[in-house]
Structure formats: structure tokens, C-alpha cells
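Chemist: Got a structure for you, written out below as C-alpha cells; questions coming shortly.
Just so it is clear, none of the values below were taken in a lab; they were calculated from the coordinates. Just so it is clear, the model here is predicted, and its values are computed rather than measured. Because the Cβ atoms are built from the backbone with ideal geometry, glycine has one as well, and the counts that use them run over all protein chains shown.
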């Protein structure tokens, strides 16, 4: 398994191409070899390809805006192939909230897009929060989605923090989705339901690491949604140092 940096953590410094370029360099300087592109300014696929190569980085997965996934999946697939990324992620979808989707509504919208992405040579990936642990008709939303989409059409970016926030066991869910979660998100769960650098909170990472290895996870991507005023790059560095000390790089 390889470790990487989810660039949503440093989204504040990637809102211009100049800032994005500098941020990629600084992430690489920490020691990361892999990134997830998310929350940045718009960019051309060729530009990102060059920036990744310049910094010795690869892109494991993206979070791509919903309107692009639904409106131009063929183009999204072509772009991802240009910068060498096999996985195309959706970062968020509101379920059973006011103005949000039902699970059936999500399936109706995204199944055709997932098929087109698959035909284009990439795989659609769904990123969970805690809302997927609500029950609709007596069933977890997470289970409904996993059953509705064939494995080859949709995988999961299992976010360990949000699984725990939803009342689930991250290691058990990674095991349950074995073969369907090539990418997972690591962030620590600190007292008060706060995000923390990996190794500085209360997550059972030994169990998560073991489950990830057994489930065929390829990339463990560090993400910290909120750094509470600390330098996000410093938070990424502390997470990197913890993971490296545990034998990952």
C-alpha cells in the first residue's frame, strides 16, 4: 500500500494555478509520492500531468464535481487518462435531507454516468461521510448503494473518520468492501468529534491498516477536513511521519 495526500486538506492554497503548482511541490517535499486532487481551481489535464511529473508525483484518485460527472463523463474519463489517474471520485452527495436525494434517485442519476466512465477506462468511486449510516426502509444507505452498483462500475473511498462518526467500525467496513475500496481516507478522530493528524487522536489504526492490507487497498490518503488554524501542510507532515514510522511510504 502507498500513502498519499488528499489535497482537499490544502485547498486554501490551490485556488490559482500558481498556488496549486507550489502546493504540489511542498507536498512532494514532505515526502509524499501520491496525491488525490480535490477542491482546487480548474485546470487542464495536460497541465496537471506536467506538474505531477515535475514533482515526482502520481494522482491516485480525484474528487470531481457532480455536474461534470453527470454532464460530461466521457470527457472526464479522457482527462483522467491524460494525467494517469484510474479512479474518479464523487466527494459528496446529500441523502434524504431537505432538497437531497433518496438512494433510488442517486442510483438513477449516477448509474448511467458510472457506465460511461467505465467504458472510458476509469472507475467511478464514491466517498462516504456519516450520512450513509442512516437507514432508509430499514437498510443502511451504504448497503443500498453497494448492492445497486456492480463492483466494476463503482468502488468506494472509505473514509475511516466518517465511518466512525456514523457509528460504524472502519476496519469492519473496509473488510466488508474488500476489493471495492482501492483508496481509503485516513484522518484521526480526536475528542470532541474533531479532526486530527493521523496518530494524534483515538482511531484504531493498527486494525485499519490490517483490514486495508487484507482488503486489497492500494492507497491510504491522508485528509484533514479542518486544521483549526494550524498550517495544513504541517498537519500533512505530522501524518506522514506517523505513517512512515509505521512502515508505510
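Chemist: In what order do 227, 41, 59, 183 fall by count of nearby beta-carbon atoms within 10 Å, going from fewest to most? Spell out each step's value before the answer.
Modeler: Details: 227 18, 41 12, 59 21, 183 25.
Final ranking by Cβ density, sparse to dense: 41, 227, 59, 183.
Chemist: Oh, and also: Starting with the highest mean, order 21-31, 213-223, 42-52 by the number of other Cβ atoms within 10 Å, averaged over the residues of each peptide. Show your work: numbers first, answer last.
Modeler: Values: 21-31: 17.5, 213-223: 19.8, 42-52: 15.6.
With the highest mean Cβ count within 10 Å placed first, the list reads 213-223, 21-31, 42-52.
Chemist: I would also like to ask the following. Using a Debye calculation, one point per C-alpha and no hydration shell, please list log10 I(q)/I(0) for the chain at q = 0.07, 0.11, 0.13, 0.15 Å⁻¹ in order.
Modeler: -0.21, -0.55, -0.78, -1.06
Chemist: Could you put 118, 63, 185 in order, starting from the residue whose Cβ has the fewest other Cβ atoms within 10 Å? Working shown, then result.
Modeler: Working: 118 18, 63 22, 185 25.
Ranking 118, 63, 185 by Cβ neighbours within 10 Å, fewest first, gives 118, 63, 185.
Chemist: Subtract the Cα-Cα distance of residue 49 and residue 17 from 0.36 nm times their separation in residues, and report this length gain in nm to one decimal. Walk me through the numbers before you get to the answer.
Modeler: Details: separation 32, 0.36 × 32 = 11.52 nm, distance 1.31 nm.
Taking residue 49 through residue 17 to full extension adds about 10.2 nm, to one decimal.
Chemist: When the chain is modelled as a GNM with alpha-carbon springs shorter than 10 Å, which of 125, 154, 203 fluctuates the most?
Modeler: Of the options given, 203 has the highest mean-square fluctuation.
Chemist: Working from the alpha-carbon coordinates of the stretch 13-105, get Rg over Rh, Rh being the Kirkwood radius.
Modeler: Rounded to two decimals, Rg/Rh equals 1.04.
Chemist: Moving on. For the stretch 123-199 and the stretch 41-98, what is the separation of their Cα centres, given in Å?
Modeler: About 20 Å separates the Cα centre of the stretch 123-199 from the one of the stretch 41-98.
Chemist: When the chain is fully extended, how far beyond the present Cα-Cα distance does residue 2 get from residue 248, taking 0.36 nm per residue of separation?
Modeler: Numbers: separation 246, 0.36 × 246 = 88.56 nm, distance 0.67 nm.
Length gained, residue 2 through residue 248: 87.9 nm.
Chemist: Quick check on the stretch 2-245: of the DSSP beta bridges with both residues there, what percent are antiparallel, nearest 5%?
Modeler: On the way: 5 of 34 bridges.
Within the stretch 2-245, antiparallel bridges account for around 15 percent of the total.
Chemist: Determine the calculated [θ] at 222 nm for the chain from helices alone, applying -39500 (n - 2.57) to every DSSP H run no shorter than 4 residues and normalising by the residue count; nearest 500 deg cm²/dmol. Present the calculation step by step, with values, prior to reporting the outcome.
Modeler: On the way: 10 runs with 103 residues, N = 249.
That calculation yields -12500 deg cm²/dmol at 222 nm.
Chemist: Pairs of alpha-carbon atoms within less than 8 angstrom and 6+ residues apart define the contacts here; what relative contact order does the chain have, in percent?
Modeler: Numbers: 459 pairs, mean separation 49.2, N = 249.
After rounding, I find 20 percent.
Chemist: Using a 10 angstrom cutoff on alpha carbons, build the Gaussian network for the chain and name the most mobile of 210, 126, 189.
Modeler: Judging by the Gaussian network model, the answer is 210.
Chemist: For the pair residue 25 and residue 136, how long in nm is the line joining their label points, each one 7 Å along Cα→Cβ?
Modeler: 4.6 nm
Chemist: Would you mind ranking 17, 7, 145 by Cβ crowding within 10 Å, fewest neighbours first?
Modeler: Working: 17 16, 7 26, 145 20.
Placing the least packed residue first, the sequence is 17, 145, 7.
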